[in-house]
Every structure is written in C-alpha cells, then in structure tokens.
Amino acid sequence: MSVIERVGVVVPARDEAALLPRCLGALDAATEWLRVKRPHVRVSVMVVLDSCVDASAVAVGRHPDVLIAPTSAGNVGAARQTGVRRLVVAAAPDWFATTDADSAVPVDWLVHQVDAAASGLHLLLGTVVPDDTEITAAQFARWQARHSDGDGHGYVYGANLGFSRRALDATGGFRPLPAHEDVDFAERVKAVGLRWAASAALPVLTSARTIGRTPDGFAGYLRDDLDGRPVRGA
C-alpha cells in the first residue's frame, strides 16, 4: 500500500466559459467528499487557460481555491503538461488526476483515484459517458451499444485519467500533441512496466458536442461514433 497525501487535478480549458461552472462545481463536490472519506488527503485543482478569449477566467475566478495557469500554447498536450508541471511546483502531488473543462466528475471520483493510488497503481484509466441531454435517444443508444465499458476496457480518456508521480518521472509526462496526448502518455507508462488498471467504476459525464476545441479529439471521435462510422480509440 502507498501513502497518498496530496492529489493534483489538471483541467485544460480553451474557451469553456459555458461549461467550466459545471466542471468546477463537480470537482468542488468531489473534493468535499474526499475530505469526508479521506481527511488526510489535500487536493489542489489547476485549470490551464489555453489561448482563451472568452470569459473562462471569470468562471474559474468564482472558485477562489482553484489555481490558474494561463498559456498560449493552443495545444491540449502542452496545456495538460503545463498544469502538471505547475502543480509539481505548487503542491508536490503524490498522485495526479486529469479531467476536461467540458466534463463533470462523479462525487466519489477523487476517493476512487486515491484508493487506486494507495493500492499501488501508477496509472488508472477511467471511462466517460456523453451527456444524453445533448443528443438524441437513438444516438445515446448507439453509444451504449458500441461501448461495453467494463473493467479492463481498452479506452483512454484524458477526461478520466489518473497517474502517480513515479509515472510522471518515468515518462516525462504529456507530449505537446494536438490530440491523443492521453493515449500517447498511457502507452508510455505501460511500456516502462508500471502497474496500471482500466476501471469502469466511475464514468465521467462529458459534453456530447461533435465540434470540439481540439482537432481530431473526442468531439470528432464522438461524431463518427454517433453516426455509426468506424472510429479509432479516443
């Protein structure tokens, strides 16, 4: 068993003023629940505002405990890595968790992350579910039919990902890729032989928009999936 005392959460955001309140509200609730269940663990949340020209900074400013890292990278891999590196300096986390600004984590998400870390895992791959209020019933049924997200699933989502400081040190973290930086990172963690698991326990709710902020990112994947086209891994 590993002793986990500090968790850092990274949220890259690019013009997400409309969805950041839901994201940060969910993280607030998850943080409060972690304090109840694992009171010895401290949480630091870092939102990386990447090339934002909307009111994203205002939305984050309504959560005074949330740290902000502005960047002009225009690149989700670089943005996620900026958040990780800033948290290393600001909070020295034992464990990192990442989600996305258009997503909402379940209330026990951080408890699950901490327990996975304490069990000796170095990489935890979670699942997502699209917001069914943004798509038709037929599209949501198609998603469910094509995604049997049980434990041991084969997906990697930056919106539901956790990893240890050791995994960061062994790989260097996220590369500055315009998309699939999460998949690339997970593959490199696995390649160095660190213990990992894919869990379906706590899916993260994510936007079902099909035109996203990242070229070739989850929105494009979802667009093809809901249309019934062949898709590559997210």
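The values are calculated or read from the model by the stated rules, or taken from the named source; none is laboratory data. Fair warning: this is a prediction, and the values are worked out from it, not measured in the lab. For the accessible areas, the whole protein counts, side chains as well, though only heavy atoms, and no ligand, DNA or RNA atoms are used. Shrake-Rupley method; radii C 1.70, N 1.55, O 1.52, S 1.80 Å.
Below are the figures for this structure:
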| quantity | calculated |
| --- | --- |
| Cα gyration tensor, the stretch 1-82 - rounded (a/c under 1.5), prolate or oblate | oblate |
| Cα gyration tensor category, rounded, prolate or oblate, for the stretch 103-216 with a/c compared to 1.5 | prolate |
| Protein-only accessible surface order, largest first, of 169, 28 at 1.4 Å | 169, 28 |
| Accessible surface of the chain, 1.4 Å probe, proportion on carbon and sulfur as whole % | 53 |
| Cα gyration tensor, the stretch 91-153 - rounded (a/c under 1.5), prolate or oblate | prolate |
| Other-chain or far-sequence residues with amide H under 5 Å of residue 156's (modelled H) | 234 |
| Largest-first principal axis extents, alpha carbons of the stretch 130-170, Å | 44, 21, 10 |
| Computed over the stretch 1-80: relative contact order in percent, which uses C-alpha pairs under 8 Å that are six or more apart | 39 |
| Heavy-atom surface of the chain, accessible at 1.4 Å and reported per residue (Å²) | 43 |
| Relative contact order of the chain, defined on C-alpha pairs under 8 angstrom at six or more residues apart (%) | 24 |
